[in-house]
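So the structure is just underneath, and the comments pick up after that.
What follows draws every value from the coordinates through simple rules; no lab data is involved. It should be emphasised that the depicted structure is a prediction, and the values quoted were computed from it without experimental measurement. As a convention, Cβ positions derive from the backbone with ideal geometry for all residues, glycine included, and neighbour counts pool all protein chains shown.
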Amino acid sequence: MTIDDFLASIDGDAPPAGLSLPLQGLWWDRKGDWDQAHSCAQDAPDSDGSWVHAYLHRVEGDLGNAGYWYRRAGRAAHSGALQQEWREIVGDLLARG
């Protein structure tokens, strides 16, 4: 799946089958459902879930909590635009399958 395919899927009612929980979280975030996005990130026990969790707390404006999740993900805190970070995460996760 490409980023364009992923973006096109946002018009649907649910994430495409087979997406990882972190990608589902980013799907729900783009759909405007932060709570569902956060739930997906919380349920993902790996560093990818922590990375999405960090991004979501940046969206929320809770930078202290975001910093904690970036550290858990083993990632530097992102300081650029949220849209840019969203695309970077989606692109990376999709590339790794």
- Query: A8 to S79: extension gain in nm, 0.36 nm per residue of separation minus the Cα-Cα distance?
  - Reply: 22.9 nm
- Task: Treating the angle as unsigned and between 0 and 90°, give the value, to the nearest 10°, between the Cα long axis of helix 82-95 and the longest Cα principal axis of the chain.
- Result: 60
- Task: Run the numbers on the chain and let me know its relative contact order in percent, using alpha-carbon pairs under 8 Å that are six or more apart.
- Result: 24
- ³J(HN,Hα), Karplus 6.51/-1.76/1.60, whole Hz, each residue of the range 32-48, x for Gly, Pro: x, 10, 4, 4, 5, 4, 5, 4, 4, 5, 5, 7, 8, x, 10, 5, 5
- Please state the charge dipole magnitude for the chain, taken about the Cα centre, from unit charges on C-beta atoms (+1 on K and R, -1 on D and E), reported in debye and rounded to the nearest 20. 360
- Stretched out fully, how many nm does the piece from R71 to Q36 gain, at 0.36 nm a residue minus the Cα gap? 10.3 nm
- For the chain, what is the convex hull volume of the alpha-carbon atoms per residue, in Å³? 89
- Query: Tell me, how many Å apart are the Cα centres for the range 60-77 and for the range 15-48?
  - Reply: 16
- Dipole of the range 52-97 (Lys/Arg Cβ +1, Asp/Glu Cβ -1, origin at the Cα centre): which of L63, L82, L94 lies farthest to the positive side? L94
